[in-house]
1. Which of the following residues is of a type in the set (Lys, Arg) and touching a strand residue (DSSP E or B) at 6+ places or on another chain (Cβ under 9 Å): ARG407, ARG368?
2. What's the number of the only condition in (1) under 18 Å from GLU755 (Cβ atoms); (2) at pLDDT below 85 that ILE626 fails to meet?
3. Looking at ILE198, ILE182 in this structure, which one is at pLDDT below 85 and over 15 Å from ILE29 (Cα atoms)?
4. So in the stretch 621-640, with the set limited to residues that are under 31 Å from the mean Cα position of the chain (by Cα) and polar (S, T, N, Q), which one is farthest from ILE679 (Cα to Cα)?
5. Restricting to the stretch 674-687, count the residues that are among the hydrophobic types (A, V, I, L, M, F, W, C), modelled with pLDDT of 85 or more and surrounded by fewer than 22 Cβ atoms within 10 Å (Cβ to Cβ).
6. Which one is nearest to the chain's Cα centre (by Cα), of the residues in the stretch 641-673 that are at pLDDT below 85 and part of a loop (DSSP other than H, G, I, E, B)?
7. Could you give every pair whose Cβ atoms fall below 8 Å, whose first residue belongs to the stretch 338-362 and is on the phi < 0 side of the Ramachandran plot and of a type in the set (Asp, Glu), and whose second residue is surrounded by 16 or more Cβ atoms within 10 Å (Cβ to Cβ) and assigned to a strand (DSSP E or B), counting only separations of at least 6 or pairs across chains?
8. Residues of the stretch 364-402 being within 20 Å of the chain's Cα centre (by Cα) and free of Cβ contacts under 8 Å to residues at least 12 places away in the same chain, which ones?
Amino acid sequence: MSKVNFQISSRATILLGRENIAKAEGAIIELIKNTYDADASLCYILLDSDHDVLYIFDNGTGMTQEIVKDNWMLIGTENKRKNYISDKRRIKSGEKGIGRFALDRLGGICEMYTKTADSSRVLYWKANWSDFEKSGKMINDIEADLDYIDNTFQDVIPTEIINNISYIDKELSNIIEGHSKIEFEGGTILKISQLRDIWDKVAIDKLIESLNYLIPPVNDSFEYNICLQRSLKDKPILIENKMQEEYDYKIEAEFTGEIFNVKLYRNEFDVHKIPEEVFKEEFFNKYPYTKKDFENGIFYYTYTIGELLKFQNDDNISINKIREIGPFQFNYSFMKIIVTRKEDYSKFFYKELSKNRKIWLEQNAGVRIYRDNFLVRPYGDPTSDSFDWLNLDARNALDPAGIGNRRKSWTVHNAQGQGTIHISRLNNEVIIDKSSREGIIDNEHFKLFKNVIKELIHILEVDRAEIGYAFSESYKIRNESETIKELAEQISKEYKKNKNSKNKSEENGEKETLLKALDIAKQEKEDLISELKVMRSLSTNGLITTAIVHDLKTISANFNLRSDSILKAVEKKRYDLFKRLLSSLNSDDKFLSSWIQVITNQVKKDKRTRKMHNLYDVILASINLIVPILEFKNIRVNIEKDNNIFRRKVFETDFDSILYNLIINSVESFERTLVSERIITITMSSDNNNFFINYMDNGEGISKSFKNPYDIFRFSITSKLDSYGKPVGTGLGMYIVDSTIREYNGKYSLKAPLEGFHMEIIIPQRRV
């Protein structure tokens, strides 16, 4: 019988490249993996849309002429399947030998410059992908250019990349301890032209978002970095998958193939807030719930496969399948997004939540799988159906009970945590990628694997649910304080009437009750002070926003218009106009950034804690935050001070409230009057007994409608009226100034300047 050979049309490469890789970002990721496999420490991507060129540069091993011919040009090469460990002991991610066709997905022409460290010459390779589209051509008919060139490797690296290497080095040194300087004696440059995609801001932002998760969260031992430059005009961006140091609970689990070694971190509860009597209750007298356990916060557990998944003796088949999955690591951090009820802080002794937690979770939540340090897409991708691939939300929906419920059935939401799973092609062969490289085949092993991950998460769920219920029950007992206070009042009244008719035993019992009532009263006073600081800060933030709301609306209204103008300026090469528009955008950005800093800074917990401070530093810090807002409104701030030091225990947020409310009044005054130059002058001085603040502006001063100028400090009194003569101000600003100064036993006086407003504040020294 005669034999006949299979033949491959050149057009088959289109199926492998352009049509097999649906998205451009997927093609870039394939090429990034090649740089990692080449032992590069840096992969540098430059999107030069102005010249219709995309560069991908790495400082890896490079390729010799023989490697290009025998491996790069060989479709389906088994090189990475056989030699899957690099010189730096990295597990290579590629294995099918078709990744180079990702180049075709990105652009019509590709040029490659490559050099090994021990070679003195640069090897040049060029392919025109349109050659593969010609009808009747077989794959063997298509040729690429290959030859050595006279240029050095540094000569063919774009100047913009060379100039930015030192910048990248500096950034990495700030992130990674002991970072080694980036060298590029060898490596590979891919220059892709005739781009098939429009790399506008939206597309690049989406690419950056994808790359942020491509490699695991940064650690000191992972010597590989990705850098992206949006254009020749922009600074390079270091791609970071940032770790969140703040968490409520964290799980670190390692499966050896036989057992699960689990480390549980408990960080949600403030041990210092938990009363000693709570730890005397029966529940808190056993491991891991004693006071010492809470202070330690780390717990170690070991589970067999059967123990973790609660298998019975007849589940040996499933146990064996889990063994076949092989060793892997799993890390998971749980972070609640909000505390819905104020009482929950006293009920569960929560630590304060940072303001950026919700924003961070919106960008980083989800459980992601990493195979040999590269993301297995699309698991954990918020834009895909596989974002909640573990179905955590569906599980929670079946029983959505909150913490503290009697059934102890609390479970996490997918959006409340970040998880990473680390597998390898060496150890986890039964976890098989789909041929499209998008996801994992949902075989029996993968189904069991998902159950294992959920059971590991369940370890922290059980711990939190148990503690939540115990705290909830304890709260009911502690809430008897209200009853104690009522009883104390009754005892006090009766004592005044019948103080001579009590026996010793009755007196002792009543004394104990009164002492408890006193302690409760002290705690309530501290709680009220804390609430007062928050309310002042929030009120001041509202007043600041109201004072600049016109500017915020203007920025918002002009944004789209200005964006269109920038595009037109670029198209018409009006670089003078382009620079002016960018300068305007930069000014708006500084204004918005300052506004956000001011309103978020005030409500920080540490600013609501009474500490010893140098008042000069406190005042200067407050002013420096708001200066960009004032500069945007053409207001100059002059600071005058002596060289003294004046220390006192204060709440920083109190002085923010004083200064910002005075400044708000000045801003509004300047809006109502025409002055050639807007000036605020703040003078600070002190002696052994007092700290003096003189605040002045050259605005319109106090309205003459006030017969008594000190009326401006009364609650709800305002000089701001609408066109109908109705008050439109809140009357809160100067009232806050007055009440805050009085809390420090301070004094203030209004001066009578020739123009504007002048107020002197005196804060007395109080030695602690």
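The values are calculated or read from the model by the stated rules, or taken from the named source; none is laboratory data. Note that the structure is a prediction, hence the values are computed from the model and not measured. FYI the Cβ positions are ideal-geometry reconstructions off the backbone, even for glycines, and counts take in every protein chain you see.
1. Details: ARG407 fails: touching a strand residue (DSSP E or B) at 6+ places or on another chain (Cβ under 9 Å).
None of the other options fit; the residue is ARG368.
2. Single failed check for ILE626: (1).
3. On the way: ILE198 fails: at pLDDT below 85.
Of ILE198, ILE182, the one residue that is at pLDDT below 85 and over 15 Å from ILE29 (Cα atoms) is ILE182.
4. Of everything passing the filter in the stretch 621-640, SER622 is farthest from ILE679 (Cα to Cα).
5. To start, the set of residues in the stretch 674-687 that are among the hydrophobic types (A, V, I, L, M, F, W, C) comprises 674-675, 679-680, 682, 684.
Going one step further and asking which of them are modelled with pLDDT of 85 or more, we end up with 679-680, 682, 684.
Cutting the leftovers down to surrounded by fewer than 22 Cβ atoms within 10 Å (Cβ to Cβ) gives us 679, 682, 684.
Summing the residues that are among the hydrophobic types (A, V, I, L, M, F, W, C), modelled with pLDDT of 85 or more and surrounded by fewer than 22 Cβ atoms within 10 Å (Cβ to Cβ) in the stretch 674-687 gives 3.
6. Step by step, filter the stretch 641-673, then rank; the result is PHE651.
7. ASP344/TYR350
8. Selection gives THR383 alone.
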